[in-house]
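Participant: Sharing a structure here in C-alpha coordinates format.
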Amino acid sequence: MRALFLFALFVTLAATACSGRAEDRGTQSTSPRTAPASSESTSTPGAVAREATPPVGGGPTGSASGPAEHDGARAMSHLRKLADEPRVSGTAAEQRGAEYIAEQLRAYGYTVEVMAFDFDTDPFRAGEVRVEGASIEAVTLAGSPGGKVRASSIYVGLADEVGIGGRDLGGRVAVADRGTLNFGAKYENVKAAGAIGLVVVNNRPGWFSGNLTTGATIPVVGVTQEEGRALVEAAKDGREVEIDAPPTAGPTGALNVIARAAAGARCTVLVGGHFDTVPSAPGANDNASGVANTLELARALAADGLDEGLCFAAFGAEESGLNGSKALVADLKSRGALPAYMVNLDVTGIGGQVEVIGTGPASQLALRLAKEAGIEAVPSRLPPNSGSDHQSFADAGVETVYFTSGDFSTIHSPEDVAAAIDQAMLDRIGDSALLTVKALLEEVAAG
Ligand SMILES: [Zn+2]
(Lines give C-alpha, C1' and ligand atoms only; values in the text may rest on other atoms or scores of the structure.)
Protein backbone atom coordinates (compact mmCIF):
# COMPACT_ATOMS: atom_id res chain seq x y z
CA MET A 1 0.00 0.00 0.00
CA ARG A 2 2.69 2.48 1.04
CA ALA A 3 4.63 1.55 -2.08
CA LEU A 4 1.46 2.07 -4.09
CA PHE A 5 0.86 5.38 -2.35
CA LEU A 6 4.43 6.56 -3.03
CA PHE A 7 4.07 5.55 -6.69
CA ALA A 8 0.75 7.43 -6.95
CA LEU A 9 2.25 10.35 -5.07
CA PHE A 10 5.26 10.69 -7.40
CA VAL A 11 3.05 10.25 -10.44
CA THR A 12 0.60 12.95 -9.46
CA LEU A 13 3.05 15.35 -7.81
CA ALA A 14 5.16 15.55 -10.82
CA ALA A 15 2.16 16.16 -12.99
CA THR A 16 3.58 19.46 -13.89
CA ALA A 17 5.69 18.60 -16.80
CA CYS A 18 7.28 20.94 -14.86
CA SER A 19 6.96 23.32 -11.96
CA GLY A 20 4.07 25.18 -10.46
CA ARG A 21 4.09 28.95 -10.59
CA ALA A 22 0.51 29.71 -9.60
CA GLU A 23 -0.33 32.17 -6.88
CA ASP A 24 -0.30 29.46 -4.21
CA ARG A 25 2.87 27.84 -5.66
CA GLY A 26 0.98 24.57 -5.58
CA THR A 27 0.86 22.02 -8.35
CA GLN A 28 -2.32 20.20 -9.33
CA SER A 29 -2.26 16.74 -10.83
CA THR A 30 -3.70 17.19 -14.27
CA SER A 31 -1.26 19.73 -15.67
CA PRO A 32 1.48 18.68 -18.06
CA ARG A 33 4.66 19.15 -16.51
CA THR A 34 6.28 18.53 -13.64
CA ALA A 35 7.13 18.93 -10.54
CA PRO A 36 6.18 20.83 -7.65
CA ALA A 37 6.90 24.30 -6.80
CA SER A 38 9.68 25.68 -8.75
CA SER A 39 10.85 28.43 -6.56
CA GLU A 40 13.99 29.07 -4.79
CA SER A 41 14.48 25.85 -2.86
CA THR A 42 16.49 24.10 -5.53
CA SER A 43 19.87 23.86 -7.21
CA THR A 44 22.89 25.53 -5.78
CA PRO A 45 24.85 27.12 -8.61
CA GLY A 46 28.05 26.90 -6.59
CA ALA A 47 28.02 23.12 -6.63
CA VAL A 48 28.87 22.69 -10.30
CA ALA A 49 31.35 20.09 -11.57
CA ARG A 50 32.32 20.00 -15.22
CA GLU A 51 33.76 17.45 -17.57
CA ALA A 52 34.22 18.65 -21.16
CA THR A 53 35.19 16.05 -23.75
CA PRO A 54 36.21 16.66 -27.36
CA PRO A 55 34.16 15.28 -30.25
CA VAL A 56 34.61 11.78 -31.58
CA GLY A 57 36.89 11.96 -34.62
CA GLY A 58 38.69 15.01 -33.19
CA GLY A 59 37.96 17.94 -35.53
CA PRO A 60 35.33 20.68 -35.12
CA THR A 61 34.30 20.05 -38.70
CA GLY A 62 31.27 18.09 -37.71
CA SER A 63 31.16 14.37 -38.35
CA ALA A 64 27.40 14.03 -38.35
CA SER A 65 26.31 11.72 -41.13
CA GLY A 66 22.95 11.91 -42.92
CA PRO A 67 20.88 14.73 -44.42
CA ALA A 68 20.98 18.31 -43.12
CA GLU A 69 17.29 18.06 -42.37
CA HIS A 70 15.27 16.70 -39.47
CA ASP A 71 14.48 12.99 -39.79
CA GLY A 72 11.58 11.68 -37.70
CA ALA A 73 12.78 8.07 -37.88
CA ARG A 74 16.16 9.01 -36.39
CA ALA A 75 14.45 10.95 -33.63
CA MET A 76 12.17 7.99 -32.96
CA SER A 77 15.15 5.65 -32.55
CA HIS A 78 16.64 7.96 -29.92
CA LEU A 79 13.28 8.08 -28.18
CA ARG A 80 12.98 4.31 -28.01
CA LYS A 81 16.45 4.05 -26.55
CA LEU A 82 15.86 6.67 -23.89
CA ALA A 83 12.35 5.57 -22.93
CA ASP A 84 13.29 2.01 -22.03
CA GLU A 85 13.34 2.96 -18.33
CA PRO A 86 12.29 5.83 -16.01
CA ARG A 87 15.19 8.31 -15.61
CA VAL A 88 14.70 9.80 -12.13
CA SER A 89 17.27 12.43 -11.22
CA GLY A 90 20.02 11.24 -8.93
CA THR A 91 19.64 7.63 -10.05
CA ALA A 92 21.80 5.28 -12.17
CA ALA A 93 19.15 5.39 -14.88
CA GLU A 94 19.65 9.14 -15.18
CA GLN A 95 23.39 8.52 -15.50
CA ARG A 96 22.76 6.02 -18.32
CA GLY A 97 20.54 8.54 -20.07
CA ALA A 98 23.18 11.26 -19.79
CA GLU A 99 25.86 8.95 -21.18
CA TYR A 100 23.73 8.04 -24.18
CA ILE A 101 22.95 11.69 -24.93
CA ALA A 102 26.60 12.77 -24.52
CA GLU A 103 27.79 9.94 -26.77
CA GLN A 104 25.43 10.94 -29.59
CA LEU A 105 26.42 14.61 -29.40
CA ARG A 106 30.13 13.79 -29.40
CA ALA A 107 29.60 11.56 -32.42
CA TYR A 108 28.05 14.54 -34.26
CA GLY A 109 31.23 16.54 -33.64
CA TYR A 110 30.21 18.65 -30.64
CA THR A 111 32.32 19.33 -27.56
CA VAL A 112 30.24 17.92 -24.75
CA GLU A 113 30.13 19.02 -21.12
CA VAL A 114 28.47 16.87 -18.47
CA MET A 115 27.58 19.30 -15.70
CA ALA A 116 26.84 17.89 -12.25
CA PHE A 117 24.78 20.01 -9.89
CA ASP A 118 23.01 19.57 -6.59
CA PHE A 119 19.29 19.92 -6.13
CA ASP A 120 16.96 19.61 -3.23
CA THR A 121 14.67 16.59 -3.37
CA ASP A 122 12.50 18.28 -0.81
CA PRO A 123 9.30 18.37 -2.90
CA PHE A 124 8.91 14.60 -2.98
CA ARG A 125 8.41 13.87 0.75
CA ALA A 126 5.59 11.53 1.71
CA GLY A 127 4.10 12.29 5.14
CA GLU A 128 1.15 11.04 7.19
CA VAL A 129 -1.75 12.40 9.23
CA ARG A 130 -3.48 10.27 11.88
CA VAL A 131 -6.92 10.97 13.28
CA GLU A 132 -7.81 8.75 16.19
CA GLY A 133 -5.71 5.95 14.74
CA ALA A 134 -6.98 6.29 11.17
CA SER A 135 -4.06 7.01 8.79
CA ILE A 136 -4.27 9.55 5.94
CA GLU A 137 -1.48 9.83 3.34
CA ALA A 138 0.03 13.31 3.15
CA VAL A 139 2.60 15.32 1.21
CA THR A 140 5.09 17.43 3.14
CA LEU A 141 5.20 20.93 1.69
CA ALA A 142 8.57 22.16 0.47
CA GLY A 143 10.09 24.33 3.16
CA SER A 144 8.41 22.46 6.01
CA PRO A 145 10.63 20.93 8.68
CA GLY A 146 10.28 17.25 9.48
CA GLY A 147 8.67 16.36 12.77
CA LYS A 148 5.79 14.73 14.63
CA VAL A 149 3.12 16.73 16.47
CA ARG A 150 -0.11 15.48 18.07
CA ALA A 151 -2.77 17.73 19.58
CA SER A 152 -6.42 18.65 19.42
CA SER A 153 -7.17 20.07 16.01
CA ILE A 154 -9.05 23.17 14.91
CA TYR A 155 -10.62 24.03 11.56
CA VAL A 156 -9.54 27.48 10.28
CA GLY A 157 -11.17 27.72 6.85
CA LEU A 158 -8.70 29.36 4.43
CA ALA A 159 -6.43 30.26 7.38
CA ASP A 160 -7.11 33.89 6.66
CA GLU A 161 -8.39 36.48 9.11
CA VAL A 162 -11.97 35.33 8.69
CA GLY A 163 -11.14 31.66 9.03
CA ILE A 164 -9.02 32.06 12.14
CA GLY A 165 -11.46 34.65 13.45
CA GLY A 166 -9.08 35.94 16.14
CA ARG A 167 -9.08 32.55 17.89
CA ASP A 168 -6.08 31.35 19.93
CA LEU A 169 -4.61 28.30 18.19
CA GLY A 170 -2.02 27.80 20.90
CA GLY A 171 -0.78 24.18 21.06
CA ARG A 172 -3.25 22.97 18.46
CA VAL A 173 -3.05 21.46 14.96
CA ALA A 174 -4.70 23.74 12.42
CA VAL A 175 -6.64 22.26 9.49
CA ALA A 176 -7.12 24.64 6.56
CA ASP A 177 -8.53 24.60 3.05
CA ARG A 178 -6.32 25.27 0.03
CA GLY A 179 -7.05 28.39 -2.04
CA THR A 180 -6.92 32.20 -2.22
CA LEU A 181 -3.89 32.68 0.02
CA ASN A 182 -0.62 30.98 -0.85
CA PHE A 183 0.74 28.29 1.43
CA GLY A 184 3.32 30.59 3.00
CA ALA A 185 0.65 33.08 4.10
CA LYS A 186 -1.54 30.32 5.61
CA TYR A 187 1.47 29.02 7.53
CA GLU A 188 2.38 32.51 8.81
CA ASN A 189 -1.20 33.16 9.97
CA VAL A 190 -1.70 29.95 11.95
CA LYS A 191 1.86 30.12 13.33
CA ALA A 192 1.22 33.64 14.57
CA ALA A 193 -1.93 32.39 16.32
CA GLY A 194 0.08 29.69 18.12
CA ALA A 195 -0.56 26.54 16.06
CA ILE A 196 2.02 23.71 16.33
CA GLY A 197 1.19 22.11 12.96
CA LEU A 198 -0.82 22.75 9.80
CA VAL A 199 -2.67 20.41 7.45
CA VAL A 200 -3.85 21.89 4.12
CA VAL A 201 -6.77 20.12 2.43
CA ASN A 202 -6.78 20.27 -1.39
CA ASN A 203 -9.64 22.24 -2.94
CA ARG A 204 -9.69 19.96 -6.00
CA PRO A 205 -9.64 16.18 -6.39
CA GLY A 206 -6.27 14.43 -6.11
CA TRP A 207 -2.89 15.43 -4.84
CA PHE A 208 -1.04 18.69 -4.88
CA SER A 209 2.40 19.69 -3.77
CA GLY A 210 3.32 23.11 -2.66
CA ASN A 211 6.07 25.34 -1.50
CA LEU A 212 6.11 27.52 1.59
CA THR A 213 8.87 29.54 -0.10
CA THR A 214 10.01 30.49 3.39
CA GLY A 215 11.55 28.10 5.91
CA ALA A 216 8.88 27.01 8.41
CA THR A 217 9.32 25.95 12.03
CA ILE A 218 6.22 23.76 12.39
CA PRO A 219 5.35 20.78 10.15
CA VAL A 220 3.05 21.61 7.23
CA VAL A 221 1.52 18.85 5.09
CA GLY A 222 -1.14 18.55 2.40
CA VAL A 223 -3.84 15.92 1.92
CA THR A 224 -6.24 15.11 -0.89
CA GLN A 225 -9.70 16.63 -1.00
CA GLU A 226 -11.20 13.16 -0.74
CA GLU A 227 -9.40 12.22 2.49
CA GLY A 228 -9.52 15.77 3.80
CA ARG A 229 -13.27 15.79 4.26
CA ALA A 230 -13.18 13.51 7.32
CA LEU A 231 -10.27 15.50 8.69
CA VAL A 232 -12.19 18.78 8.44
CA GLU A 233 -15.10 17.20 10.33
CA ALA A 234 -12.70 15.96 13.02
CA ALA A 235 -11.15 19.44 13.30
CA LYS A 236 -14.57 21.07 13.58
CA ASP A 237 -15.09 18.80 16.63
CA GLY A 238 -11.59 19.56 17.94
CA ARG A 239 -10.59 15.91 17.80
CA GLU A 240 -6.95 14.84 18.21
CA VAL A 241 -4.82 14.87 15.05
CA GLU A 242 -1.22 13.77 14.58
CA ILE A 243 1.08 15.01 11.81
CA ASP A 244 4.14 12.93 10.85
CA ALA A 245 6.42 14.78 8.38
CA PRO A 246 9.73 13.12 7.36
CA PRO A 247 12.89 15.22 7.45
CA THR A 248 14.27 16.68 4.22
CA ALA A 249 16.48 14.32 2.28
CA GLY A 250 18.90 17.14 1.56
CA PRO A 251 20.74 17.89 -1.64
CA THR A 252 21.11 15.21 -4.30
CA GLY A 253 23.34 15.25 -7.38
CA ALA A 254 21.96 15.36 -10.93
CA LEU A 255 23.30 16.02 -14.41
CA ASN A 256 22.98 18.37 -17.37
CA VAL A 257 24.51 17.49 -20.74
CA ILE A 258 25.61 20.51 -22.82
CA ALA A 259 27.00 20.48 -26.38
CA ARG A 260 28.95 23.33 -27.98
CA ALA A 261 30.68 23.80 -31.32
CA ALA A 262 33.98 24.09 -29.45
CA ALA A 263 35.18 23.99 -25.85
CA GLY A 264 34.12 27.16 -24.03
CA ALA A 265 32.23 28.51 -27.04
CA ARG A 266 29.59 31.12 -26.16
CA CYS A 267 25.99 30.00 -26.75
CA THR A 268 23.79 32.51 -28.59
CA VAL A 269 21.01 30.07 -29.45
CA LEU A 270 20.45 27.20 -26.99
CA VAL A 271 18.11 24.31 -27.86
CA GLY A 272 17.08 21.68 -25.35
CA GLY A 273 14.71 19.91 -23.01
CA HIS A 274 14.74 17.83 -19.85
CA PHE A 275 15.64 14.14 -19.91
CA ASP A 276 14.63 13.17 -16.38
CA THR A 277 11.32 11.59 -15.52
CA VAL A 278 9.19 10.98 -12.46
CA PRO A 279 9.45 7.56 -10.81
CA SER A 280 7.64 4.69 -12.55
CA ALA A 281 7.07 6.61 -15.81
CA PRO A 282 9.25 5.64 -18.83
CA GLY A 283 8.71 9.23 -19.99
CA ALA A 284 8.52 8.62 -23.75
CA ASN A 285 6.45 11.75 -24.34
CA ASP A 286 7.68 13.53 -21.21
CA ASN A 287 10.33 13.98 -22.19
CA ALA A 288 12.33 11.47 -24.23
CA SER A 289 10.46 13.02 -27.18
CA GLY A 290 11.96 16.47 -26.56
CA VAL A 291 15.46 15.07 -26.04
CA ALA A 292 15.17 12.86 -29.13
CA ASN A 293 14.21 15.91 -31.18
CA THR A 294 17.09 17.85 -29.63
CA LEU A 295 19.56 15.12 -30.64
CA GLU A 296 18.17 14.91 -34.17
CA LEU A 297 18.31 18.71 -34.54
CA ALA A 298 21.91 18.62 -33.33
CA ARG A 299 22.75 16.02 -35.99
CA ALA A 300 20.89 17.79 -38.81
CA LEU A 301 22.45 21.16 -37.99
CA ALA A 302 25.94 19.63 -37.76
CA ALA A 303 25.62 17.73 -41.03
CA ASP A 304 26.71 20.81 -42.97
CA GLY A 305 29.27 21.95 -40.41
CA LEU A 306 28.96 23.07 -36.82
CA ASP A 307 27.30 26.43 -36.22
CA GLU A 308 29.20 28.84 -34.00
CA GLY A 309 27.04 29.93 -31.09
CA LEU A 310 24.61 27.04 -31.42
CA CYS A 311 24.37 24.88 -28.29
CA PHE A 312 22.24 21.98 -27.20
CA ALA A 313 21.29 20.97 -23.63
CA ALA A 314 19.57 18.05 -21.94
CA PHE A 315 18.47 19.13 -18.45
CA GLY A 316 18.29 16.97 -15.34
CA ALA A 317 15.99 17.32 -12.32
CA GLU A 318 13.26 19.25 -14.11
CA GLU A 319 10.52 17.21 -12.50
CA SER A 320 11.52 18.30 -9.01
CA GLY A 321 11.56 21.98 -9.85
CA LEU A 322 13.39 22.95 -13.06
CA ASN A 323 16.66 22.34 -11.22
CA GLY A 324 18.92 21.52 -14.16
CA SER A 325 17.94 24.53 -16.25
CA LYS A 326 18.20 26.76 -13.20
CA ALA A 327 21.72 25.47 -12.50
CA LEU A 328 22.79 26.10 -16.10
CA VAL A 329 21.21 29.58 -16.17
CA ALA A 330 22.93 30.49 -12.89
CA ASP A 331 26.24 29.23 -14.28
CA LEU A 332 25.93 31.07 -17.61
CA LYS A 333 24.72 34.21 -15.87
CA SER A 334 27.68 34.17 -13.50
CA ARG A 335 29.92 34.20 -16.57
CA GLY A 336 27.90 36.84 -18.42
CA ALA A 337 27.19 34.22 -21.07
CA LEU A 338 23.41 33.89 -21.26
CA PRO A 339 22.15 33.03 -24.77
CA ALA A 340 20.07 35.43 -26.86
CA TYR A 341 17.47 32.72 -27.48
CA MET A 342 16.35 29.47 -25.80
CA VAL A 343 14.30 26.92 -27.76
CA ASN A 344 12.56 24.47 -25.39
CA LEU A 345 11.23 21.04 -26.42
CA ASP A 346 9.03 19.33 -23.84
CA VAL A 347 6.25 16.80 -24.53
CA THR A 348 6.59 16.71 -28.32
CA GLY A 349 5.39 13.21 -29.22
CA ILE A 350 1.60 13.11 -29.02
CA GLY A 351 -0.97 15.66 -30.09
CA GLY A 352 -2.89 17.18 -32.98
CA GLN A 353 -0.70 20.07 -33.97
CA VAL A 354 2.49 21.96 -33.28
CA GLU A 355 1.93 24.29 -30.35
CA VAL A 356 4.21 27.30 -29.86
CA ILE A 357 4.37 28.80 -26.37
CA GLY A 358 5.94 32.22 -26.12
CA THR A 359 4.89 35.80 -26.73
CA GLY A 360 8.06 37.32 -28.20
CA PRO A 361 9.04 37.94 -31.84
CA ALA A 362 10.86 34.58 -31.93
CA SER A 363 7.59 32.75 -31.26
CA GLN A 364 5.84 34.77 -33.97
CA LEU A 365 8.69 33.86 -36.28
CA ALA A 366 8.29 30.17 -35.40
CA LEU A 367 4.57 30.28 -36.20
CA ARG A 368 5.15 32.10 -39.50
CA LEU A 369 7.90 29.72 -40.65
CA ALA A 370 5.82 26.65 -39.81
CA LYS A 371 2.87 28.09 -41.73
CA GLU A 372 5.04 28.88 -44.75
CA ALA A 373 6.27 25.27 -44.65
CA GLY A 374 2.72 23.97 -44.55
CA ILE A 375 2.98 22.70 -40.96
CA GLU A 376 -0.09 23.32 -38.82
CA ALA A 377 1.10 25.34 -35.82
CA VAL A 378 -0.84 27.39 -33.29
CA PRO A 379 0.07 29.76 -30.46
CA SER A 380 -0.58 28.12 -27.14
CA ARG A 381 -0.04 28.46 -23.44
CA LEU A 382 0.70 26.04 -20.64
CA PRO A 383 -2.07 24.80 -18.38
CA PRO A 384 -2.30 26.66 -15.05
CA ASN A 385 0.25 25.76 -12.38
CA SER A 386 2.69 24.33 -14.84
CA GLY A 387 5.90 25.25 -16.50
CA SER A 388 9.05 23.92 -18.11
CA ASP A 389 12.74 24.69 -18.51
CA HIS A 390 12.20 27.71 -20.76
CA GLN A 391 11.03 29.46 -17.60
CA SER A 392 14.48 29.37 -16.01
CA PHE A 393 15.81 31.26 -19.06
CA ALA A 394 12.82 33.58 -19.36
CA ASP A 395 13.24 34.52 -15.69
CA ALA A 396 16.79 35.59 -16.58
CA GLY A 397 15.54 37.77 -19.45
CA VAL A 398 16.29 35.36 -22.30
CA GLU A 399 13.73 35.19 -25.11
CA THR A 400 12.28 31.71 -25.35
CA VAL A 401 10.25 29.63 -27.78
CA TYR A 402 8.66 26.49 -26.42
CA PHE A 403 7.49 23.75 -28.81
CA THR A 404 5.05 21.14 -27.55
CA SER A 405 2.55 18.79 -29.16
CA GLY A 406 0.06 19.60 -26.43
CA ASP A 407 -1.30 16.21 -25.32
CA PHE A 408 -0.36 15.65 -21.69
CA SER A 409 -2.96 13.02 -20.95
CA THR A 410 -0.55 10.16 -20.28
CA ILE A 411 2.50 11.94 -18.92
CA HIS A 412 3.82 10.87 -15.54
CA SER A 413 2.17 7.51 -15.84
CA PRO A 414 3.36 3.99 -16.73
CA GLU A 415 1.39 4.50 -19.95
CA ASP A 416 3.89 7.09 -21.20
CA VAL A 417 5.67 4.55 -23.42
CA ALA A 418 7.38 4.67 -26.83
CA ALA A 419 4.63 2.61 -28.44
CA ALA A 420 2.19 5.47 -27.82
CA ILE A 421 4.31 8.06 -29.61
CA ASP A 422 3.15 9.49 -32.93
CA GLN A 423 6.29 9.66 -35.08
CA ALA A 424 4.65 12.02 -37.56
CA MET A 425 3.91 14.46 -34.73
CA LEU A 426 7.47 14.12 -33.43
CA ASP A 427 8.66 14.90 -36.96
CA ARG A 428 6.44 17.96 -37.38
CA ILE A 429 7.78 19.45 -34.16
CA GLY A 430 11.34 18.71 -35.28
CA ASP A 431 10.82 20.26 -38.70
CA SER A 432 9.27 23.40 -37.19
CA ALA A 433 12.02 23.76 -34.61
CA LEU A 434 14.72 23.32 -37.28
CA LEU A 435 13.28 26.19 -39.35
CA THR A 436 13.14 28.39 -36.26
CA VAL A 437 16.67 27.60 -35.04
CA LYS A 438 18.16 28.29 -38.47
CA ALA A 439 16.32 31.64 -38.68
CA LEU A 440 17.42 32.64 -35.17
CA LEU A 441 21.05 31.80 -36.00
CA GLU A 442 20.84 33.98 -39.12
CA GLU A 443 19.32 36.75 -37.09
CA VAL A 444 22.08 36.60 -34.49
CA ALA A 445 24.73 36.44 -37.23
CA ALA A 446 23.20 39.50 -38.88
CA GLY A 447 23.67 41.25 -35.55
ZN1 LIG B 1 8.31 17.52 -19.04
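Participant: Mind running the shape call on segment 126-245? Use the C-alpha gyration tensor, a ≥ b ≥ c as the square roots of the eigenvalues: rounded below 1.5 for a/c, prolate if a/b tops b/c, oblate otherwise.
Facilitator: On the way: a/c = 1.18, a/b = 1.04, b/c = 1.13.
Since a/c stays below 1.5, the shape of segment 126-245 is classed as rounded.
Participant: Report Asp431's accessible area, 1.4 Å probe, all protein chains in place, as a number in Å² to the nearest 10.
Facilitator: Spelled out: Asp431, probe radius 1.4 Å, area about 50 Å².
Participant: Also, I was wondering about something else. What accessible area, in Å² to the nearest ten, does a 1.4 Å probe give for Glu376?
Facilitator: 110 Å²
Participant: Moving on to the next point. Could you work out how far the C-alpha centroid of segment 300-324 sits from that of segment 238-287, in angstrom?
Facilitator: Measuring centre to centre over Cα atoms gives 15 Å.
Participant: Further question: How big is D, in µm² s⁻¹, for segment 174-277 by Stokes-Einstein at 25 °C and 0.890 mPa s if Rh is the Kirkwood radius over C-alpha pairs?
Facilitator: 144 µm²/s
Participant: Provide the net charge surrounding His78, with neighbours chosen by a C-beta distance below 10 Å and charges set as Lys +1, Arg +1, Asp -1, Glu -1.
Facilitator: +3
Participant: Related question: So how do Phe408, Phe208 rank on accessible area, 1.4 Å probe, biggest first, that is with the largest at the start?
Facilitator: Listed by decreasing accessible area, they come as Phe408, Phe208.
Participant: Taking the Cβ of Leu306 as the center, what net charge do the other residues with Cβ under 13 Å away carry, scoring Lys and Arg +1 and Asp and Glu -1?
Facilitator: Net of charged neighbours comes to 0.
Participant: Under 10 Å from the Cβ of Asp422, count the other residues' Cβ atoms, weight Lys and Arg +1, Asp and Glu -1, and hand me the total.
Facilitator: Here the count lands on -1.
Participant: Further, regarding this structure: Compute the accessible area per residue over segment 126-245, keeping the other protein chains in place, probe 1.4 Å, unit Å². Each step should come with its number before you reach the end.
Facilitator: Details: 4400 Å² over 120 residues.
Each residue of segment 126-245 exposes 37 Å² on average to a 1.4 Å probe.
Participant: Continuing with this model, one more query. Classify segment 281-374 as rounded, prolate or oblate from the Cα gyration tensor: take a ≥ b ≥ c as the square roots of its eigenvalues, call it rounded if a/c is under 1.5, otherwise prolate when a/b beats b/c and oblate if not.
Facilitator: Details: a/c = 1.42, a/b = 1.13, b/c = 1.26.
Note, shape of segment 281-374 comes out rounded.
Participant: Here is a follow-up. Which shape class applies to segment 307-348: rounded if a/c is under 1.5, otherwise prolate when a/b exceeds b/c and oblate if not, where a ≥ b ≥ c are the square roots of the Cα gyration tensor eigenvalues? All intermediate terms of the calculation are to be shown ahead of the outcome.
Facilitator: Details: a/c = 2.56, a/b = 1.23, b/c = 2.07.
The shape class here is oblate.
Participant: Right, something else. To the nearest 10 square angstrom, what accessible area does Lys333 show with a 1.4 Å probe?
Facilitator: 120 Å²
Participant: Once neighbouring chains are kept in place and the probe is 1.4 Å, which whole percent of the accessible area of segment 126-245 is contributed by carbon and sulfur?
Facilitator: Values: 2120 of 4400 Å².
Ligands and nucleic acids excluded, carbon and sulfur reach 48 percent.
The values are calculated or read from the model by the stated rules, or taken from the named source; none is laboratory data. The shown structure was predicted, so the numbers you read here are calculated from the model rather than taken from an experiment. Note that each Cβ is placed from the backbone with ideal geometry, even for glycine, and that neighbours are counted across all protein chains shown. To get the accessible areas, we keep the full protein, side chains included, count just its heavy atoms, and leave off ligands, DNA and RNA. Shrake-Rupley method; radii C 1.70, N 1.55, O 1.52, S 1.80 Å.
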